[in-house]
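The values are calculated or read from the model by the stated rules, or taken from the named source; none is laboratory data. Please read all numbers here as calculations on a predicted model, not as lab measurements. Here the Cβ is made from the backbone with ideal geometry for all residues, glycine too, and neighbour counts use every protein chain on show.
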Amino acid sequence: MTFRPDQTGLEARFAGAQAQLHPRRREMLRAILDRPEETYFLSSRELGKHFGVDAATVVRTIQALGYERFADFAADLRRHFVTRITPYTLMQAAAREKQPVADRLRRNVAKDIDNLQLLQAQLDTAQLMEVARLVHRARQILVVGVDLAYSLSYFLAYGLATAGFSAEAPLGSAGLLYHKVKGLGPKDLLIAISFGRCLRETVEAVRQARGQGVPTCAVTNSDTTPVARSCDGYLIAPITSAVFTGSYVAPMAVLNTIIAACAHLHPRRTLARLRENEKEYTSGARWSQKTQPDGRARPSNGRPTDSKSYRE
């Protein structure tokens with residue numbers, strides 16, 4: 001079976017088996033692949049009802065693709081859905097469900113919690129420690145996140161820089177990103193953050209870096225995404241959400257954990273770096289208010305005040 005880089009596992013199985021499939025089964029599977037937002041959450045019985053067949057027919061169909069269990073097929077279908085999702089299809093799927101807005105909001109928070117629980121259950125601590133070791137060895141760290149993922153790349157670069165690492169998250173054109181990657185070498189590190197089908201600039205940055213012998217690592221939402229396939233290693237964080245931006249709660253937790261791993265791998269180094277910043281943090285020079293000996297805040301006009309005066 002030939003596996004194209006842009007194919008999901010489910011698409012590859014279908015491509016290899018479709019010649020032997022009954023036309024009706026082939027038509028059903030094509031509909032599932034083309035509109036996964038309608039089916040990725042259904043059980044075998046619900047899927048059969050959706051297509052007007054019984055559950056046994058659904059099971060035999062997925063077995064023809066090489067799956068032993070429906071659960072394995074469902075997992076691949078969810079991965080396929082994630083890689084093919086767009087803001088429109090996500091909102092369209094959510095809009096089909098008849099729910100009060102208040103219930104939708106609570107469900108959205110519940111989904112964020114689910115993502116965190118899934119992350120906790122599947123957290124690859126060995127891979128996290130390997131990323132921490134790469135960070136400590138790196139002369140320079142380039143964190144690549146494009147579009148909305150830039151918010152994540154900036155956070156990680158800032159956290160690593162605070163701990164004393166030479167980390168940067170470039171913001172700008174594809175040309176700037178190209179030149180930033182061009183300056184990396186085998187003693188540096190590129191961390192790519194992208195999800196689903198992944199943005200072209202991020203994937204090309206990874207491939208460019210690997211061509212130069214630069215170690216690479218991805219933070220993504222599936223082991224089948226283009227950055228996961230292109231990088232030396234990857235960390236998985238689910239982004240499932242009814243909001244068209246996706247949920248960055250779990251990716252943020254992964255980034256926090258990367259920073260924690262880097263800090264605790266060599267705690268004396270981290271403490272030495274943070275000690276250098278201690279005067280700045282305790283002097284009050286960077287804060288909007290200074291603190292009095294009695295703990296009350298001093299406003300910019302020099303007169304002491306307390307929290308009650310702000311309320312008044």
*Please list, ordered by first then second residue, the pairs with beta carbon atoms under 7 Å, 6 or more apart or interchain, first in the stretch 152-169 and without any contact (Cβ under 8 Å) to a residue 60 or more places away in the chain, second surrounded by fewer than 21 Cβ atoms within 10 Å (Cβ to Cβ) and not basic (Lys, Arg).*
157/168; 166/140; 167/161; 169/150; 169/154
*Counting only residues that are under 26 Å from residue 200 (Cβ atoms) and crowded, with 16+ Cβ neighbours inside 10 Å, how many does the stretch 122-134 have?*
2
*asked:* Suppose we filter the stretch 170-200 for residues that are touching a strand residue (DSSP E or B) at 6+ places or on another chain (Cβ under 8 Å) and not hydroxyl-bearing (Ser, Thr, Tyr); how many remain?
replied: 13
*Spans of helices (runs of 4 or more DSSP H) in the stretch 237-312 with at least 1 residues at pLDDT 60 or above and outside the structural domain of residue 127 (by TED's automatic domain parsing)*: 267-283
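One line per residue, one yes/no per condition, for (1) at pLDDT 90 or above; (2) among the polar types (S, T, N, Q); (3) within 23 Å of the chain's Cα centre (by Cα); (4) not assigned by TED's automatic domain parsing to the domain that holds residue 228:
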position	(1), (2), (3), (4)
19	no, no, no, yes
34	no, no, no, yes
42	no, no, no, yes
57	yes, yes, no, yes
62	yes, no, no, yes
*asked:* Under 8 Å between Cβ atoms, which residue pairs at least 6 apart in sequence (or on different chains) link something in the stretch 116-135 that is in contact (Cβ under 8 Å) with a residue 60 or more places away in the chain with a partner that is assigned to a helix (DSSP H, G or I) and hydroxyl-bearing (Ser, Thr, Tyr)?
replied: 123/257; 128/257
*Out of (1) free of Cβ contacts under 8 Å to residues at least 12 places away in the same chain; (2) within 25 Å of residue 79 (Cβ to Cβ), the odd one out for residue 179 is which?*
(2)
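Quick one: in the stretch 218-236, of everything that is assigned to a loop (DSSP other than H, G, I, E, B) and of a type in the set (Val, Ile, Thr), which residue is surrounded by the fewest Cβ atoms within 10 Å (Cβ to Cβ)?
In this case the residue turns out to be 224.
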_I'm checking my understanding of the structure. Among residues of the stretch 196-215 that are of a type in the set (Gly, Ala, Ser) and assigned to a helix (DSSP H, G or I), which one is surrounded by the most Cβ atoms within 10 Å (Cβ to Cβ)?_
205
*Which of the residues spanning the stretch 78-122 are of a type in the set (A, V, I, L, M) and at pLDDT 80 or above?*
102, 105, 109, 110, 113, 116, 118, 119, 121
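For the stretch 201-231, which positions are acidic (Asp, Glu) and in contact with a helix residue (DSSP H, G or I) (Cβ under 7 Å, 6 or more places away or on another chain)?
Let us first name the residues in the stretch 201-231 that are acidic (Asp, Glu), namely 201, 204, 223.
The answer is 201, and nothing else.
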